[in-house]
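The values are calculated or read from the model by the stated rules, or taken from the named source; none is laboratory data. Only a predicted model underlies this, so the values are computations on that prediction, with no experimental measurement involved. Note that each Cβ is placed from the backbone with ideal geometry, even for glycine, and that neighbours are counted across all protein chains shown.
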């Protein structure tokens, strides 16, 4: 579902078949939120069950990964890096 939504979104937003080397802010926000929800689901465990935050996170990640070829790569890597740093800090500091 998420990859189909990302493909439709990217076809409506971008007319060229291959992305330029610039970061899409919307895709970056979706990727960061998605990766943080998927990797750090225990941060929200008191508010929502883990399976809900992981499901929403994977949906958002799939939206970014499912974009047209050439789009969403840098956003995905950045989102994963932010989530990994949060996970490492949370693991080391607790």
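The conditions are (1) touching a helix residue (DSSP H, G or I) at 6+ places or on another chain (Cβ under 9 Å); (2) surrounded by 13 or more Cβ atoms within 10 Å (Cβ to Cβ); (3) modelled with pLDDT under 90; (4) within 21 Å of residue 71 (Cβ to Cβ), and residue 4 fails exactly one of them. Which is it?
Result: residue 4 fails condition (2) only.
Of all residues in the stretch 25-42, which are over 9 Å from the mean Cα position of the chain (by Cα) and surrounded by fewer than 15 Cβ atoms within 10 Å (Cβ to Cβ)?
Hits for the stretch 25-42 are 25, 26, 42.
Determine if the stretch 30-42 includes at least one residue that is on the phi < 0 side of the Ramachandran plot, modelled with pLDDT under 90 and assigned to a helix (DSSP H, G or I).
Yes, the conditions are met somewhere in the stretch 30-42.
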